[in-house]
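I have placed the structure first, in the form of structure tokens, so that the comments after it can refer back to it.
The values are calculated or read from the model by the stated rules, or taken from the named source; none is laboratory data. Predicted model only: the values in this text are computed from it and were never measured. Glycine gets a Cβ as well: all are built from the backbone with ideal geometry, and neighbour counts include every protein chain shown. To get the accessible areas, we keep the full protein, side chains included, count just its heavy atoms, and leave off ligands, DNA and RNA. Shrake-Rupley method; radii C 1.70, N 1.55, O 1.52, S 1.80 Å.
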Amino acid sequence: MARIAYDDTDAAAYATSRHLRSEDLAAWREAVARHLAPRPGTRLLDLGAGTGIWAQAFTSWYDGIEVVAVEPSAAMRDRCRHQPVLAGDAEAVPLPDGHVDAAWLSTVVHHIPDLAAAARELRRVVRPGGPVLIRSAFPGRLDGLNLVRYFPEAAAVLDTFPSVAQVEAAFATAGLTLAACEPVPQVTASSLRELAANLRREAHTPLQLISDDAYAAGTARLQRAAETDSGPVVDLLDLLVLR
């Protein structure tokens with residue numbers, strides 16, 4: 001499923017450096033609620049749940065919601081804050097037909113080799129009319145990412161990710177249409193100093209796929225900026241909603 005292996009090293013780096021604080025995700029809480037309309041008993045698939053950042057957030061935000069976490073990497077499952085977490089991937093979700101009311105995929109679509117197959121599988125496990133919510137960075141929509149500002153070579157990697165149009169076309173083959181595409185802000189770190197201190201190359205696919213020289217130059221660029229810049233680090237990622 002993944003462009004990178006998510007072995008023990010990657011999973012450990014992800015667990016220590018990619019956990020966003022719930023209070024820094026207020027805009028995501030509002031955006032998801034607007035499209036999901038959660039209520040007690042809502043069952044949400046978190047596909048590619050990783051270390052459980054979002055599963056944990058959803059269960060704390062929305063009363064009575066049930067999150068079904070599915071993750072292909074054993075190393076990630078071992079570190080998942082949400083339990084239980086099932087082994088599975090986007091082309092083989094271990095759930096019965098129509099088992100969930102909605103699906104959530106966060107920074108996952110670029111790891112899926114066959115988006116059309118994944119769309120068919122999501123159509124199978126999500127009840128008719130239920131939304132598929134996709135959080136990602138998309139080619140041509142990278143201006144709100146601080147990662148690209150300090151590691152400009154990462155833009156070339158991100159440009160190889162599926163575009164909004166490609167995702168829309170793949171899901172259309174399963175009868176799902178694009179209902180919304182909106183940028184959502186998040187506070188990624190309280191400051192550039194915190195961002196630089198916590199940065200782990202193994203936790204970011206684009207940083208793993210640039211050269212060592214580009215990574216070293218970007219790290220130096222970030223550390224220089226951290227000496228003078230203040231204030232929170234705000235990133236924009238997109239939310240796609242398909243139904």
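Taking amide H positions as placed 1.01 Å from N in the peptide plane, with prolines and chain starts having none, which residues 5 or more places from residue 189, or on another chain, fall under 5 Å of its amide H?
Long-range HN contacts for residue 189: 233.
Choose one of 70, 26, 50: the residue whose Cα lies farthest towards the positive end of the charge dipole of the stretch 7-73 (beta-carbon charges +1 Lys, Arg; -1 Asp, Glu; about the Cα centre).
Checking the options against the dipole of the stretch 7-73, the answer is 26.
In whole Hz, what ³J(HN,Hα) sequence does the stretch 209-224 give by Karplus (6.51, -1.76, 1.60; θ = phi - 60°), x for Gly and Pro?
9, 9, 6, 4, 5, 5, 5, 5, 5, x, 4, 5, 4, 5, 5, 5
Using a 1.4 angstrom probe, figure out how much accessible area the stretch 134-174 has per residue, in square angstrom, rounded to the nearest whole.
Numbers: 1710 Å² over 41 residues.
Dividing the accessible area of the stretch 134-174 by its residue count gives 42 Å².
Using per-residue counts of other Cβ atoms within 10 Å, averaged over each peptide, order 171-182, 136-147, 104-115 from highest down. Please report the intermediate quantities before stating the final value.
Numbers: 171-182: 15.3, 136-147: 17.4, 104-115: 19.5.
Order by mean packing, descending: 104-115, 136-147, 171-182.
Hey, any idea what % of the stretch 114-197's accessible area is carbon plus sulfur with a 1.4 Å probe? Please report the intermediate quantities before stating the final value.
On the way: 1920 of 3490 Å².
Result for the stretch 114-197: 55 percent of the exposed heavy-atom area is carbon or sulfur.
Convert each backbone phi in the stretch 65-71 into a coupling constant with the Karplus relation 6.51 cos²θ - 1.76 cosθ + 1.60 (shift: θ = phi - 60°), then list the ³J(HN,Hα) values in order as whole Hz, x for Gly and Pro.
Per-residue couplings from phi come out as 6, 10, 9, 9, 8, 10, 8 Hz.
In the stretch 185-204, which residues have a backbone nitrogen under 13 Å from the label point lying 7 Å from residue 234's Cα in the Cα-to-Cβ direction?
The answer is 185-189.
What are the ³J(HN,Hα) couplings of the stretch 115-120, residue after residue, when phi is run through the Karplus curve with 6.51, -1.76, 1.60 and θ = phi - 60°? Round to Hz, x for glycine and proline.
Those phi angles translate into 5, 5, 5, 5, 4, 5 Hz.
Compute the angle between helix 26-36 and the longest alpha-carbon principal axis of the chain, please, reported from 0 to 90 degrees and rounded to the nearest 10.
20
Could you pull out every residue, at least 5 positions away or on a different chain, whose amide H is within less than 5 Å of the one on residue 103? Hs are placed 1.01 Å off N in the peptide plane, and Pro or chain starts have none.
45, 132, 133
Calculate how steeply helix 8-17 sits against the longest principal axis of the alpha-carbon atoms of the chain, using the helix alpha-carbon long axis, and give the answer as 0 to 90 degrees to the nearest 10.
The helix 8-17 is inclined about 80 degrees to the chain.
For the chain, what is the charge dipole size about the Cα centre, in debye to the nearest 20, if Lys and Arg each add +1 at the Cβ and Asp and Glu each add -1 at the Cβ? Before the final figure, lay out each step's value.
Values: 23 positive and 30 negative charges, 90 e Å.
Roughly 440 debye, rounded to the nearest 20.
Loop only by DSSP, 15 or fewer other Cβ within 10 Å of the Cβ. Give me the trypsin sites (Lys or Arg not before Pro) in the stretch 1-79 that pass, ordered by residue number.
Qualifying residues, ordered by number: 21.
Which cross-chain or sequence-distant (5 or more) residues have an amide H under 5 Å from the amide H of residue 89, H modelled 1.01 Å from N in plane?
Answer set, sorted by chain and number: none.
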